[in-house]
Amino acid sequence: MKIVKRTILIALSLLLIPVTAVVTAAGKQRFADGPNRVFSGGPLESGELHTGSEPDWSFVSEIPTIEMQLLDPPRSRRIWTAEFNGKLYVWSGYMGTVVGRLWKRWPVQAERDGRAVIRIDGKRYERQLVRIESGEVLDGISAAIRSKYPSQTTRAAVEAGDAWVFEAAPRD
Amino acid sequence: MQYFYRFIAVALIVTVVVVAFVPGVDDLVEQIFQRYLGRAAR
């Protein structure tokens with residue numbers, strides 16, 4: 001019995017090393033100007049702020065990921081994006097799984113307060129995230145997502161709540 | 001066991017210092033974490 005206890009204690013102690021490494025890396029990223037991979041970054045501070053007319057978002061078809069920051073809380077993350085019918089969309093998958101809901105908290109935060117800043121190629125844009133839960137437009141958005149990424153997002157998945165889709169609309 | 005706990009304590013301090021201050025180590029940690037997180041979420 002004593003050996004089992006000791007083995008468990010040793011295993012847990014050794015497990016503390018990678019856990020510490022992950023916590024340290026995640027904590028360090030919080031102080032950075034933007035995210036890296038999966039860890040949230042700090043506010044997007046550098047880069048020219050776009051003013052003027054609405055951009056032609058078709059250029060994002062060549063952009064694999066964008067940086068997005070919510071105003072509340074002021075944390076940024078790297079996410080996929082797609083353009084459809086001249087509008088810009090962002091989304092979050094895995095929302096139907098427990099791990100996904102724990103991992104991706106920004107969609108819930110964005111639904112509460114959609115004010116966001118996105119940074120693409122070093123240029124920042126002020127946006128308002130508006131969730132789209134149903135409608136025919138989801139057929140087109142899902143097709144745009146699937147044609148750009150190895151994703152299985154469908155209108156049915158969005159309407160079932162497995163994926164949360166937001167339009168990154170202009171902010172008033 | 002006392003020596004083992006000392007080893008763990010030193011290892012934890014070294015881990016924090018290396019991840020926080022050695023360039024590229026934080027990115028490597030994040031890369032590995034991303035791999036496991038992606039698998040777990042599926």
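Kindly check whether there is at least one residue in the range A:31-53 that is among the hydrophobic types (A, V, I, L, M, F, W, C) and loosely packed, with under 12 Cβ neighbours inside 10 Å. Yes.
Just one residue in the set A:P43, A:P55, A:P18, A:P35 is out of contact with any Gly (no Cβ under 7 Å at 6 or more places or on another chain), outside the structural domain of A:R77 (by TED's automatic domain parsing) and in a loop (DSSP other than H, G, I, E, B); that residue is A:P43.
Examine the range A:87-102 for a residue that is surrounded by 15 or more Cβ atoms within 10 Å (Cβ to Cβ), outside the structural domain of A:I141 (by TED's automatic domain parsing), among the aromatic types (F, W, Y) and under 30 Å from A:G161 (Cβ atoms), and state whether such a residue exists. Looking for residues that are surrounded by 15 or more Cβ atoms within 10 Å (Cβ to Cβ), outside the structural domain of A:I141 (by TED's automatic domain parsing), among the aromatic types (F, W, Y) and under 30 Å from A:G161 (Cβ atoms), one finds none in the range A:87-102, hence no. Against the numbered list (1) farther than 22 Å from A:P73 by Cβ; (2) free of Cβ contacts under 8 Å to residues at least 12 places away in the same chain, A:D139 comes up short only at (2).
Filtered by the rule that a residue be over 13 Å from B:I13 (Cα atoms) and either touching a helix residue (DSSP H, G or I) at 6+ places or on another chain (Cβ under 7 Å) or β-branched (V, I, T) (or both), the range A:5-22 gives A:T7, A:I8, A:I10, A:S13, A:V22. Among residues of the range A:86-114 that are among the basic types (K, R), those with a beta-carbon under 8 Å from a residue that is part of a helix (DSSP H, G or I) at least six positions away or on a different chain give the pairs A:K87/A:W57.
Which is surrounded by 16 or more Cβ atoms within 10 Å (Cβ to Cβ), of a type in the set (A, V, I, L, M), at pLDDT 95 or above and part of a helix (DSSP H, G or I), of A:A110, A:A82?
Going through A:A110, A:A82 in turn, the sole match is A:A110.
For the range A:83-120, what are the residues that are within 14 Å of chain B (Cβ to nearest Cβ) and at positive phi? Residue satisfying the conditions is A:Y94 alone.
Of all positions in the range B:22-34, at least one carries a residue that is facing chain A (nearest Cβ under 9 Å) and touching a Phe, Trp or Tyr at 6+ places or on another chain (Cβ under 6 Å). Take the conditions (1) surrounded by 11 or more Cβ atoms within 10 Å (Cβ to Cβ); (2) over 21 Å from B:V16 (Cα atoms); A:K2 misses just one of them, which is (1).
The values are calculated or read from the model by the stated rules, or taken from the named source; none is laboratory data. Since the structure is predicted, the reported quantities are computational estimates derived from the model, not experimental observations. Positions of Cβ are backbone-derived with ideal geometry, glycine not excepted, and every protein chain shown enters the neighbour counts.
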